[in-house]
Amino acid sequence: MMKTYVKKLVAFLAASAVVFVVFSLLLSNGVINAYYKQIIMTVCINIILALSANLIINFTGQLTLGHSAFMAIGAYAAAAIYRVGLPFFFSLIFGSLVAALFGFLIGLPTLRLKGDYLAITTMGFCQIIVVVLQNIPQFGGAQGMTGIPADTTFAWVFFSMIITIIVLYHVVNSRQGRAMISVREDEIAAEAMGINTTHYKVMAFTLGAFFAGLAGGLYAFLMMFIEPTQFNYFKSMDLVIYVVLGGSGNFAGCIASTGILTLLPEVLRFLGNYRMVVYPLLLIIIMIMRAKNIRLSRLAGIFRRTGKEGDNNAAA
Amino acid sequence: MPLLDIKNISIQFGGLSAVDNFSMSIGENDIYGLIGPNGAGKTTVFNMLTGVYSPDSGTIMFDGKSIAGMKPYDITRMRIARTFQNIRLMKNLSVLDNVKISFVSQTDYGLATSIFRLPAYFRQEKDTEKKSMALLKVFNLDGKKDEKAANLPYGEQRRLEIARALATNPKLLLLDEPAAGMNPQETQELTELIRWIREKFHIAILLIEHDMRLVMGVCEKIIVLDYGKIIAEGTPKEIQSNPKVIEAYLGEEAPHA
Amino acid sequence: MTFVEFLQQLINGLSLGSVYALIALGYTMVYGIIGLINFAHCDIYMVGAYIGFFAATSLHLPFIPTLILAMAGAGIVGVLVERIAYRPLRKASNISLLITAMGVSLLLENGFNCIFGGDPRSYPHNILKQTNIELGPVHTDSLHLIILTTSLVLMVLLQIIIYRTKIGKAMRATSADKDAAALMGINVNATISATFAIGSALAGAAGVLVGILYNSIDPYMGIQPGIKAFTAAVFGGIGLIPGAFLGGLILGVIETFVTAWYSPLAGAIGFIILIIILIIKPSGLLGKKVSEKV
């Protein structure tokens, strides 16, 4: 068992190393210009975010509409502690830990709520965080925080993404992951089998918040400017869309859908203002096709196929 | 001292008395039955035993400890396991994964061990796999270990639910209508299975059941509930000829013309 | 704050609250009947405001015809949305339906932005005579009173429809148990469409009233009131019509007083109250606890 694990791990790391080297070369040679570089880094950051939300929504079955709040907390905490003198790497860790702490504190009371009530409460919490941040003058208030150095590089973002994938994969394929999945499947049966469902819901929430905070920190030092409404519930909704379209729990599906959906508005940029109409229209059409099981395009097929595999691969 | 000692538990739902002054004790290796017409309160008794509900009054002592009002997962750790009337398997998961869920509470490696893949992870996972497969084999489900639980025929789903419950290593097993939806042949196999489980696992079994063949065939003592109250208890023979029981199930004899 | 100031703020709060209530009713009715949090509902409110705007400026209609036209138009849009986007997903998971609703919301907002531009438009000044009214020592605006009155009238009409008509009975039955209602011969699809129509019409009315009161409409105007109305519906007890009514009024009053006292908190106060209520009494103020049968 350990042997197959080591083999898989080495294969994954090797493949990642290759991808990294290829992209680094393309970036340093200017083949990929600065504009696309930012997009690629945003994709990586969104993947970290999406996987963190994926743990909560798809694996543990808790619909959170406020996940971007943890990104905000991570971003602001990292930027703030950096100003006080902490180096970049430790600022990122600090931001993630603060976000995780909030995840724990918020998770504890709210995860007793089910389904739609949980969704609304998390959405409310997200808006509260936005309003609170808008009213902290030291953080720039509604104008936001400027002057954050561009310390996020492609290497940092890629490395963080790989760590996120490995850690979350490890969690999901373990007894903790199994417990989380059982919570999603049937809470009452899970409790009857000895699982403290609240404990594992909070665990998923806290872990998810940690990585969302990490993504937030990376984002702050990439954009060099953060302001509260960037993290409002629209961002949370985006995450839910990435995660749900990626299929039920499958890592590959989640990564693919996040990549595609992050790039989609860019690809549609030629449509000018109309892209913001085409994007939701496409979304609605995809959801209807999915419900009716229509395989009209390869795109819909990819989402559905990875979804089905995910159901089988979800537990170790 | 009996393994399970219930004294005078009662519960009301919105003014309606669902269970009234229920008492019972079971010893370590007994097989008892709880019967009664639909709505008599049998599953409610199970739910109080397993922490889904908390009794309004009375005490429940298990293995010397008071368990009334404890949370379901704590009661499972006290080694009481149950199956459900409506089969609550995790339908989208495989047969093997359904059983492995029960081992979450039987293993103890922490989150850090999972994240860093320390040796304890591999050791305990291997152990879980071995024990799960052994249990599946015992119930003849090992051949279907990767099959989605939803795809199993009904009788196998019931067996899987029992296997899953046994995986938590209980001292007392509560079976809620295990023969529901089974034909006579399957019911006969289930009767033998229940006896066999008691021998092999050295546990006590309390079952709720409507199928009288199963109840009379396997239970040493039967308690009869009607409208939340105990109306009779005794051996199968005693219960079969008890007029109160007959009346509860079949109604009073019609007056002759 | 003097007693007179208190009364004035109370009137302002009740009029704001009655707008929230009108919107909240749509959320609660749809949730009650198909279990969906209709994220696009706040945009139907916006659509109503725009229809009213065109009725008032291009067609030069006076207040009441404008209101009626906007309500009818919003109702039609609501029914179309349900028919085209939600009905195909009736059997799908909750979360899929939620995402589709988000898509419709974005579509309406950005669509109107593309077609009509993002610049705020104003209702004509003379559509409703704005006079100062004095109720004893209290000074208030006729607009506030008209909003309050209109909302009350609409809510009374709603009560009549729900409790005194056949379609209302069908709506109550379908909310309680869709399958049983179908078995009793109720046309579930038509009932759901009617629910959307009525809820949307009320939101449309709210849109017109707000458009006149604040004298400005834009494609994204529904977002803030939408979240607030929704939290009001939940905190009053989601799925319960009196809950939406009560929740909306209470939220409007609280928000008005908080704005007067410490305005930075105003944007978040609704959520804070909601979270407190959900933690103490998850089913909302008027809700009843429903436990799952094991």
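Numbers at a glance
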item	result
Residue match in the range B:215-233 (condition: at pLDDT below 90 and farther than 22 Å from B:Asn29 by Cβ)	no
Meets criteria (surrounded by 23 or more Cβ atoms within 10 Å (Cβ to Cβ) and either within 11 Å of another protein chain (Cβ to nearest Cβ) or among the aliphatic types (A, V, I, L, M) (or both)) for A:Leu261	no
Selected residue [more than 9 Å from chain C (Cβ to nearest Cβ) and at pLDDT 85 or above] from A:Ile284, A:Ile255, A:Ile288	A:Ile255
Members of the range B:146-160 that are within 13 Å of another protein chain (Cβ to nearest Cβ) and either under 21 Å from B:Ile26 (Cβ atoms) or surrounded by fewer than 17 Cβ atoms within 10 Å (Cβ to Cβ) (or both)	B:Asp146, B:Glu147, B:Ala150, B:Asn151
Test set (1) β-branched (Val, Ile, Thr); (2) in contact with a strand residue (DSSP E or B) (Cβ under 6 Å, 6 or more places away or on another chain); (3) under 18 Å from C:Gly48 (Cα atoms) - C:Ile198 fails condition number	(2)
Unique residue being at pLDDT 85 or above, farther than 24 Å from C:Ile227 by Cα and small (Gly, Ala, Ser) when the list is C:Ala92, C:Ala173	C:Ala173
Subset tally (residues that are in contact (Cβ under 8 Å) with a residue 60 or more places away in the chain and more than 13 Å from B:Asp97 (Cβ to Cβ)) for the range B:155-169	8
Every residue from the range A:160-180 that is within 7 Å of another protein chain (Cβ to nearest Cβ) and part of a helix (DSSP H, G or I)	A:Val167, A:His170, A:Val171, A:Arg175, A:Gln176, A:Arg178, A:Ala179
Residues of the range A:191-202 satisfying the condition of being more than 7 Å from chain B (Cβ to nearest Cβ) and not hydroxyl-bearing (Ser, Thr, Tyr)	A:His199, A:Lys201, A:Val202
Scope the range A:96-147; condition in contact (Cβ under 8 Å) with a residue 60 or more places away in the chain, surrounded by fewer than 21 Cβ atoms within 10 Å (Cβ to Cβ) and outside any helix (DSSP H, G or I); matching residues	A:Arg112, A:Gly140, A:Gly144, A:Thr146, A:Gly147
Residue list for the range C:257-288, filter: outside any helix (DSSP H, G or I) and aliphatic (A, V, I, L, M)	C:Leu285, C:Leu286
Matching residues in the range C:25-46 - criterion: being more than 12 Å from chain A (Cβ to nearest Cβ) and either without any contact (Cβ under 8 Å) to a residue 40 or more places away in the chain or among the charged types (D, E, K, R) (or both)	none
The one condition in (1) more than 12 Å from chain B (Cβ to nearest Cβ); (2) closer than 19 Å to A:Thr110 by Cβ; (3) surrounded by fewer than 19 Cβ atoms within 10 Å (Cβ to Cβ) that A:Gly208 fails to fulfil	(3)
Tally of residues being of a type in the set (Gly, Ala, Ser) and within 8 Å of chain A (Cβ to nearest Cβ) across the range C:106-128	1
Within the range B:7-117, strands (runs of 3 or more DSSP E) holding 1 or more residues that are in contact with a Leu (Cβ under 9 Å, 6 or more places away or on another chain), facing chain A (nearest Cβ under 8 Å) and not hydrophobic (A, V, I, L, M, F, W, C)	B:80-82
Filter pass, C:Val79 being surrounded by fewer than 24 Cβ atoms within 10 Å (Cβ to Cβ) and within 17 Å of the chain's Cα centre (by Cα)	yes
Some residue of the range C:252-263 being within 14 Å of chain A (Cβ to nearest Cβ), in contact (Cβ under 8 Å) with a residue 60 or more places away in the chain, farther than 15 Å from C:Gly17 by Cα and out of contact with any strand residue (DSSP E or B) (no Cβ under 6 Å at 6 or more places or on another chain)	no
Matching residues, the range A:48-94, being surrounded by 24 or more Cβ atoms within 10 Å (Cβ to Cβ) and β-branched (Val, Ile, Thr)	A:Ile48, A:Ile56, A:Ile57, A:Thr60, A:Thr64, A:Ile73
Odd one out for A:Ala155 among (1) small (Gly, Ala, Ser); (2) buried (at least 21 other Cβ atoms within 10 Å of the Cβ); (3) closer than 30 Å to A:Tyr35 by Cβ	(2)
Hey, C:Gly103 among the small types (Gly, Ala, Ser), crowded, with 17+ Cβ neighbours inside 10 Å and within 14 Å of chain A (Cβ to nearest Cβ) or not	yes
A:Ala100 out of contact with any Phe, Trp or Tyr (no Cβ under 6 Å at 6 or more places or on another chain) and small (Gly, Ala, Ser)	no
Which listed residue is within 24 Å of C:Leu14 (Cα to Cα) and surrounded by 15 or more Cβ atoms within 10 Å (Cβ to Cβ), from C:Leu152, C:Leu158	C:Leu158
Members of the range A:181-197 found to be surrounded by fewer than 23 Cβ atoms within 10 Å (Cβ to Cβ) and part of a loop (DSSP other than H, G, I, E, B), listed by number	A:Asp186, A:Asn196
Options C:Ala85, C:Ala49, C:Ala92, C:Ala101; residue that is within 18 Å of C:Gly207 (Cα to Cα) and either in a helix (DSSP H, G or I) or out of contact with any strand residue (DSSP E or B) (no Cβ under 8 Å at 6 or more places or on another chain) (or both)	C:Ala49
Residues being crowded, with 20+ Cβ neighbours inside 10 Å and among the basic types (Lys, Arg) - total across the range B:1-44	1
Residue pairs meeting the criteria (Cβ under 8 Å; at least 6 apart or on separate chains; first in contact (Cβ under 8 Å) with a residue 60 or more places away in the chain, in the range B:111-138; second basic (Lys, Arg))	B:Val138/B:Lys200
C:Gly236 in contact (Cβ under 8 Å) with a residue 24 or more places away in the chain, more than 13 Å from the chain's Cα centre (by Cα) and at positive phi	no
Criterion violated by B:Phe84 - all others in (1) assigned by TED's automatic domain parsing to the domain that holds B:Gly14; (2) under 13 Å from the mean Cα position of the chain (by Cα); (3) within 24 Å of A:Tyr200 (Cα to Cα) satisfied	(1)
The range A:126-146, subset among the polar types (S, T, N, Q) and farther than 12 Å from A:Phe231 by Cβ, residue nearest to the other protein chains (Cβ to nearest Cβ)	A:Asn135
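The values are calculated or read from the model by the stated rules, or taken from the named source; none is laboratory data. Worth saying up front: this structure is predicted, and the values here are computed from it rather than measured. Every residue, glycine as well, gets a Cβ built from its backbone with ideal geometry; the counts of neighbours run over all protein chains shown.
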